């Protein structure tokens, strides 16, 4: 997700019922893992994700995700020591 | 306080970013070699041993052509993204040609088809390495069928 989010950045997120196109979301991948990606497209029941870093590959970007999942919208990224970035 | 933070991942490919067209190149060379070996068998020899040997070569030729198709498909489908496609708009046509040529190699035992496959996979490899900013050079492979292959110029350590 470079350059928007770097490894070890902290994200401030809010639980949302509806996701919006182009917003950055955090969602459950399984019971233990979360993923963070940008919403690329939304259809009635599914949405697709994209990465801000177009030079890297991720299989998340080729998958359809159910719109019934629980989402957290990322609104702020904190980078040590003093950098805050509104998303 | 920080121990309660959850970790969110942005990547999941395992292994991430490890792509190399060398596997497809070796498989394409193998197709040429297997066709050569098939032509070395005496057409009039219909002994069980000869038939078994011929069968093995044909099966392996099929398998190697499939490896070419699979490896090229993976790199094309998983690695090539908008920036790489924009700089090499002919990549879709080239990949389709590789698929067609590999199929021809499966259908027949014509050496020219296999040579064409090696040539096209070399072209694919050259494009792949150029997207990574790595120059390539043409060298003769040091084993039969001793055809020209495109390989990356990598740093020595």
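Across peptide A:3-9, the average count of Cβ atoms from other chains found within 10 Å of a residue's Cβ is 1. Computed over chain B, the quotient of the alpha carbon radius of gyration and 2.2 N^0.38 Å is 1.31.
For the listed peptides B:140-152, B:108-120, a ranking on the average number of other beta carbons within 10 Å per residue, highest first, reads B:108-120, B:140-152. Structural descriptor for the range A:10-76: relative contact order 43 percent, calculated from alpha carbon pairs under 8 angstrom and at least 6 residues apart.
How high is the FRET efficiency from residue B:135 to residue A:54, r the C-beta distance, R0 35 Å, rounded to 0.05? Using R0 = 35 Å, I get an efficiency of 0.95. Going by Cα centres, the range B:21-73 and the range B:81-128 are how many Å apart? Comparing the Cα centres of the range B:21-73 and the range B:81-128, I get a distance of 19 Å.
Using the Cα gyration tensor of the range B:90-157, with a ≥ b ≥ c the square roots of its eigenvalues, what is the shape: rounded (a/c below 1.5), prolate (a/b larger than b/c) or oblate (neither)? It comes out oblate by the Cα gyration axes. Computed from the Cβ-Cβ distance with R0 of 25 Å, the FRET efficiency linking residue A:7 to residue A:40 stands at 0.70.
With a/c under 1.5 counting as rounded, go ahead and sort the range B:27-83 into rounded, prolate or oblate using the C-alpha gyration tensor (a ≥ b ≥ c being the square roots of the eigenvalues; past the cut-off, prolate if a/b is larger than b/c, else oblate). Numbers along the way, then the final one.
Details: a/c = 6.79, a/b = 3.56, b/c = 1.91.
In terms of gyration-tensor shape, prolate.
In terms of its C-alpha gyration tensor, the protein assembly as shown comes out prolate, because a/c is 1.5 or above and the ratio a/b outweighs b/c.
Bear in mind that the values in this text are calculations on the coordinates, not laboratory data. Being a predicted model, the structure only gives us computed values, none of them experimental. Heads up, the Cβs are rebuilt from the backbone with ideal geometry, glycines too, and the neighbour counts pull from every protein chain shown.
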